[in-house]
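Working notes, structure below.
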Amino acid sequence: MRVHRRVRRLTSRGAVKSNWFESPWRIAGRALVSALALAVIIVLVALIALPKIMGGDSFTVLSGSMEPTFAPGDVVVAKGITEAEVCTDVSVGTIVTFFPEPNDPTLITHRVIGKTIGTFDDGTDCRLITQGDANSSADEPVSPEQVRGVFMFGVPKLGWARQWVSKNTMLVVGIAAAALVVSGLWSSFRRPRTTVMSVPRPASAATGNRISTQGQDLAERDLALRERELELRERELAFALQRAEQTA
């Protein structure tokens, strides 16, 4: 059984106005909004939730020392790693994020170009030799205590947007609140929609209706015949009474 559905909106003048999903522009607009919302959710999960789950964090690249691998403004996501894992799991070619000196808040993300195994004064068992892809010289040896994380993936140019949002948090919150208010007002003032559905009757139901209609017609005809027969008998009786009176 096929169901044909049409949804229309009645205006105050009684005219019929097409609903929003009958407009290609509104379909495209709704699809665009949904795509943007999905993209925002994916970015938030990739840059905030996932690194936290992996014990790491996301960082904004500020210099060109790793070009062309990373450019200023890119976001680098690194997973956490322990000091023991640095000596056993990190190999040459791995990109790591580290403090240039212990307890220094500045972070550097460079590639490992060498590794030294041994016993060192700080109690660790290795040193990493790192260098930026665009640099001509290596960095100072890096202790496992300085390593913050191991590179997972990067997102181009998103760092500038993240920095702007962090510096203009109140403005972003105000814009989001205004958007929610406008959306709520639009939903509250939107005119109600009238749904008109056209459903064809099944063949069995149509056949039953025809049979019922035919039976009703036959009954009406039979009743009309009985009424005519009664009328004729009344006339015959009246005629007979009239002749009896004349004879008498």
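The values are calculated or read from the model by the stated rules, or taken from the named source; none is laboratory data. Just so it is clear, the structure is predicted and the values come from calculations on it, not from any experiment. Using ideal geometry, Cβ is built from the backbone for each residue, glycine included, and neighbour counts are taken over all protein chains shown. Ligands, DNA and RNA are stripped out before the accessible areas are found, and what is left, the full protein with its side chains, is counted by its heavy atoms. Shrake-Rupley method; radii C 1.70, N 1.55, O 1.52, S 1.80 Å.
Structure summary
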| item | result |
| --- | --- |
| The lone exception for Pro102 - which of (1) modelled with pLDDT of 90 or more; (2) part of a loop (DSSP other than H, G, I, E, B) it fails | (1) |
| Segment 170-187: number of residues that are of a type outside the set (Val, Ile, Thr) and either at pLDDT below 65 or over 17 Å from Ala37 (Cα atoms) (or both) | 7 |
| Hits in segment 60-75 - residues which are among the charged types (D, E, K, R) and either at pLDDT 90 or above or in a helix (DSSP H, G or I) (or both) | Glu67 |
| Tabulated pairs, segment 47-58, first among the polar types (S, T, N, Q), second modelled with pLDDT under 70 and in a helix (DSSP H, G or I), C-beta under 7 angstrom, 6+ apart or interchain | Ser58/Leu47; Ser58/Pro51 |
| Exclusive hit being touching a Phe, Trp or Tyr at 6+ places or on another chain (Cβ under 8 Å), farther than 22 Å from Ser63 by Cα and of a type in the set (Ser, Thr, Tyr), set Ser143, Ser91 | Ser143 |
| Filter pass, Arg127 being of a type in the set (Lys, Arg) and more than 16 Å from Val61 (Cβ to Cβ) | yes |
| Of all residues making up segment 80-101, the number that are open to solvent by less than 80 Å² (accessible area, probe 1.4 Å) and out of contact with any Pro (no Cβ under 7 Å at 6 or more places or on another chain) | 15 |
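One line per residue, one yes/no per condition, for (1) open to solvent by 80 Å² or more (accessible area, probe 1.4 Å); (2) outside any helix (DSSP H, G or I); (3) at pLDDT 70 or above; (4) not acidic (Asp, Glu):
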| position | (1), (2), (3), (4) |
| --- | --- |
| Arg13 | yes, yes, no, yes |
| Leu36 | yes, no, yes, yes |
| Val43 | no, no, no, yes |
| Ser58 | no, yes, yes, yes |
| Val77 | no, yes, yes, yes |
